[in-house]
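What follows is a single structure, written as structure tokens, with notes after it.
The values are calculated or read from the model by the stated rules, or taken from the named source; none is laboratory data. Worth saying up front: this structure is predicted, and the values here are computed from it rather than measured. FYI the Cβ positions are ideal-geometry reconstructions off the backbone, even for glycines, and counts take in every protein chain you see. Side chains are part of the model used for accessible areas, which takes the heavy atoms of the whole protein and leaves out ligands, DNA and RNA. Shrake-Rupley method; radii C 1.70, N 1.55, O 1.52, S 1.80 Å.
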Amino acid sequence: MLDTERLDAALLELEDEIHWDAVPMLELAERYERQARLLGDDMLVARARLSQANMRMRSGDVAEAAQRIWHIHQWAVDHDARRLTARTHLIWSAIHRHLGDAAQSLEHAVLSVELLDDTATPHMQIWHRAKLADALAFAGSFETARDRFDQAERLTTDFNRPFLRLYVLNNYAYSEHAAGNYEHAERVAQRLRVLAATHSFELDATVLDTIGAIELGNGHYAAAEQTMLQCIEKYSQIRRDDADAMPEYLLNLARAQRGLGAYERAQRSLDESRELCADRELGHFLVQVHQEQAELHAARGEFAEAYEAHKAFFEAYVGLRSRQREAQARTRQALFETAEARQEAERFREQARRDPLTGLHNRRFIDEQLPRLIGTDPDLTVALVDLDHFKRINDQLSHDVGDQVLVQVAKLLETELAAVSPDGFVARMGGEEFLMVLPGCPTARAGREFDRIRRAVGAYDWAGITRGLPVTISIGVACVSESEKLTQPGLLSTADRNLYAAKHGGRDRVVCGLPGADRAPSYRDHASAA
């Protein structure tokens, strides 16, 4: 059992390393989540869950990863967890790349970089830019992608991370190779080799496979064969068995050997790859094996056999595309269902912050928004509004009529305030009392605006609702700059004292400023401040 500090460090190690073996890392992330729950630390729980989503995606369960990522992202946004939000966008980018959606992949990759701040680790600063470069290359923006790869590489020097530079260059070289830019890919791969030699890094199988594929693309078959043999030997030495790694390495080896004219060696490598694909049900690589078998038959002049192998390739390709479309459909459905659930949650969240009678914001919304505004806006002004003689309306006409009056007053307050400040809002405090919030408006101007609103309420034609009974309001105003305490209770207390003064001064008026003799200006009709 880890304590909070050690669990934080363990999660950071999981987040800031490139892990090739996803399954054991998924189990580790699940164990970290259980420990975080025992500690009662929601941030650590969210980070562990994000690592799980990442490992699920990398192990092929893209639909499950897509379904989980929404909830983690929403938690991160709600809790202003900027670094965690950036990480969610990075994984989202990879999910959309699996879906073949270059535009969405790029959009999330951009956000993953834009959200980086001083809390981002050196690994994040580097790797998020490298993955943005990947997304740009996937979208066909190669010049911009190269700029981002160069930027990521410079950061590896700034942060003294030569080992991470190795993988930035690997991704760079692979992106150029995938785009068919074989000469550029070879130049990047050569820089990669020089870096490895300079720092005595042993190139692992993943990097060697990239180099071998580039050598193949440039027709350097002898070099590609040696690189792929070294890749397979290196992979055989590690205690890991990614299902599709060895079949891919053997397939590239067979291609190199065919290019050399070493057809018997190529056939043996291809047969071994085919056997692994069949044992492990790797349909996506089996398609490529069938294609390579057709090429090998043709190279040997066995055209009938090449034709049969090509038919097998085409059949496997059609089946693979069908399975890929089904997998993409499952992932898109998972994204859609989760988005629906998120929208529904947001709808309920909004409903919880609205007054059911008037549709205005309620006290919960005030408690969430007002403290932030008080802390950031020195010219923030608020006004407590109370209906005059409202009990008389309820007693003489009915509570139903009283509700109609409240609804209409709410509309008037909201409409009139919006004309003054689109950023302001009106909320119902309870009963016949409302709160108007006016950002960036000092007391003197605010007092005049609220008095105009007061007169608009009194001038409204209430005959159709109240049968001749007048409807007026009293308003107590308070500005942050004049409040005794820079807190929500302090500001509302000042506004409440001014509302009390307005009520006892004859109602249907606005009182603002600091309460006290000769200090609180009062507005009523065309009268000057009292």
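Annotations for the structure displayed:
- The figure for PHE285 is an accessible area of roughly 20 square angstrom, using a 1.4 Å probe on the protein chains alone.
- Cα point-scatterer Debye curve for the range 223-274, base-10 log of I(q)/I(0) at q = 0.22, 0.27, 0.29 Å⁻¹: -0.74, -1.02, -1.11
- Label-reachable residues, the range 459-474, where backbone N falls under 17 Å from a point 7 Å from SER398's Cα toward its Cβ: 463-469
- Counting only protein chain heavy atoms and rolling a 1.4 Å probe, the accessible areas of ARG129, ARG445 rank, largest first, as ARG445, ARG129.
- What the chain shows is 49 Å² of accessible area per residue, with the surface traced by a 1.4 Å probe over protein heavy atoms.
- Approximate spin-label separation ASP147-ASP279, in nm, with each point projected 7 Å along Cα-to-Cβ: 4.9
- Across the alpha-carbon set of the range 122-250, the Rg to Rh ratio works out to 0.97, Rh being the Kirkwood radius.
- The value of relative contact order for the range 27-137, using C-alpha pairs under 8 Å at least six residues apart, is 18 percent.
- Here is the list for the range 125-210: GluC sites (Glu not before Pro) lying in DSSP coil, each with at most 10 other C-beta atoms within 10 angstrom of its C-beta, are GLU202.
- Prolate/oblate/rounded call for the chain, Cα gyration tensor, a/c under 1.5 rounded: prolate
- Heavy-atom accessible surface of the chain: percent carbon and sulfur, 1.4 Å: 49
- Centroid-to-centroid separation of the range 1-52 and the range 155-204 [C-alpha atoms, Å]: 29
- Whole-angstrom Cα spans of the range 177-255 along principal axes, big to small: 33, 31, 22
- In this simple spin-label model, placing a label point 7 Å from the Cα along the Cα-to-Cβ direction at both ASP78 and HIS199 gives a separation of 4.1 nm.
- Convex hull (Cα only) mean projected area of the range 368-493, reported in nm² to one decimal: 7.4
- Largest-first ellipsoid semi-axes for the range 1-109, taking √(5λ) over the Cα gyration tensor eigenvalues, angstrom: 23, 16, 11
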